Amino acid sequence: MKEQLSQVIVARALEFGADLCGIAPVGVLRDSPSTVINAAYGEASRPGYCGDPSKSGDAKSTIIIAVAHPKFKPEMDWWFGSINPPGNQLLIEVIIKLKQWLTVNYPAIKVYPLPYHVENGGIYLKDAAAQAGLGCIGKNNLLITPHYGPQVRLRAMLISEELVPTGPGSFDPCADCAMYCRKACPVRAFDETIWTKEAMQVDILPARDGTYNRRQCNITMDSNSTDAREEIVTLPEIIFEKNIGSENDTPGKQAVKVIRYCRKCELACPVGHNKV
Ligand code: B12
């Protein structure tokens, strides 16, 4: 029955527009590698790691969804002024539909959609996805999925039902790879091993062996944002159908700041079928 429910939920999420969906127990995320390492960055989220424990303290399972951001649809990843990237809008929409469907069909189950940012009560989405069997964490420090490679974006919700997990899996395309991802980084964020197992007291490190300079990477992301210029764009309809939370934006041709965050380590990865 529980196994069946897991499968039914996954099938619904795909029907609502997700490209992948999986389920992981909440317990494995409490002390997940990212939680431990992030505490060391000094940027730990609130102790209730998955939102206010008084509101989601009875959560038992994480439903994690992925939407493909294929190379040939780069706009899925772009910010148009204050408008959420289309890919993120789609993720939010799938989560809303899944919540509505669960609430109607399984009223005894409590459902907790999660915000994106960990400091706002979100979870570490890559850890959840790896635990749910959607893929593995690669040498570019991203979730690599068999079908889409790393070209996916994630979102999650918690539910109070204990469901049969869909992972973890054994997929590992990075073992003998020439690491095109690391070589592609414009600011050489993968040149130096920053983290060690001994210093961190954890077995699982960022980018597998601790060779990822988050600060350096972040500098690039900041400059992607500050260097972004206003462009006249015809905002695609998808943005207005699915946009959540920016009521002041109107469709049609207009000048907006288009932010294209760096994805070089992601797009250099040879895994996946880019024609989705
Ligand atoms: C903060 C953040 C950033 C920061 C810091 C990134 C960082 N890795 O520290 C900055 C702004 C630099 C950034 C950059 C990018 N980000 Co970012 N980011 C986030 C955010 C909000 C939290 C990530 C975080 O703080 N992790 C904690 C740190 C401590 O861990 P970590 O360095 O990631 O390493 C951990 C994992 O790799 C994990 N791990 C490694 N192996 C294994 C094995 C198993 C079994 C498990 C369970 C875990 C595990 O353990 C490591 C710690 O030991 C997430 C969304 C979310 N809520 O999760 C998106 C997220 C991770 N980012 C994402 C993306 C796509 C990017 C960029 C490509 C930019 C872009 N165009 O969007 C770059 C790529 C950077 C990179 N190569 O890692 C995607 C990743 C999708 C994917 N396929 O994996 C996410 C999930 C957001 C989303 N919309 O889906 N990001």
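The values are calculated or read from the model by the stated rules, or taken from the named source; none is laboratory data. The structure presented is a predicted model; accordingly, all values stated were derived computationally and were not measured. Every residue, glycine as well, gets a Cβ built from its backbone with ideal geometry; the counts of neighbours run over all protein chains shown. Accessible surface areas use protein heavy atoms only, side chains included; no ligands, DNA or RNA. Shrake-Rupley method; radii C 1.70, N 1.55, O 1.52, S 1.80 Å.
Annotations
- Taking other residues whose beta carbon is less than 12 angstrom from the beta carbon of ASN224, and scoring Lys, Arg as +1 and Asp, Glu as -1, yields +2.
- Taking Lys and Arg as +1 and Asp and Glu as -1, the other residues whose beta-carbon sits under 11 Å from that of ALA184 total +4.
- Multiplying the residue separation of SER82 and HIS273 by 0.36 nm and subtracting their alpha-carbon distance yields 65.7 nm.
- Choice from GLY57, GLY87, GLY210 with maximal GNM fluctuation in the chain (Cα, 10 Å cutoff): GLY57
- Residue-normalised accessible area of the chain, expressed per residue, 1.4 Å probe, Å²: 51 Å²
- In the range 138-213, Cα pairs under 8 Å separated by at least six residues give a relative contact order of 37 percent.
- Cα gyration tensor category, rounded, prolate or oblate, for the range 167-218 with a/c compared to 1.5: oblate
- Its alpha carbons give the chain an Rg and a Dmax of 18.8, 55 Å.
- Taken about its Cα centre, the chain carries a charge dipole of roughly 280 debye when the Cβ of each Lys and Arg holds +1 and the Cβ of each Asp and Glu holds -1.
- DSSP-loop GluC sites (Glu not before Pro) across the range 101-202, with at most 16 other Cβ within 10 angstrom: GLU162, GLU192
- Contact order relative to length of the range 89-231, as percent, for alpha carbon pairs under 8 angstrom and 6 or more apart: 20 percent
- Hydrophobic, long helices, defined as DSSP H runs whose alpha-carbon span along the helix axis is 15 Å or greater and whose mean Kyte-Doolittle value is at least -1.0, occur in the chain at 2-15, 86-105.
- Taking each residue as 0.36 nm, the span from TYR180 to LYS257 lengthens on full extension beyond its C-alpha to C-alpha distance by 24.7 nm.
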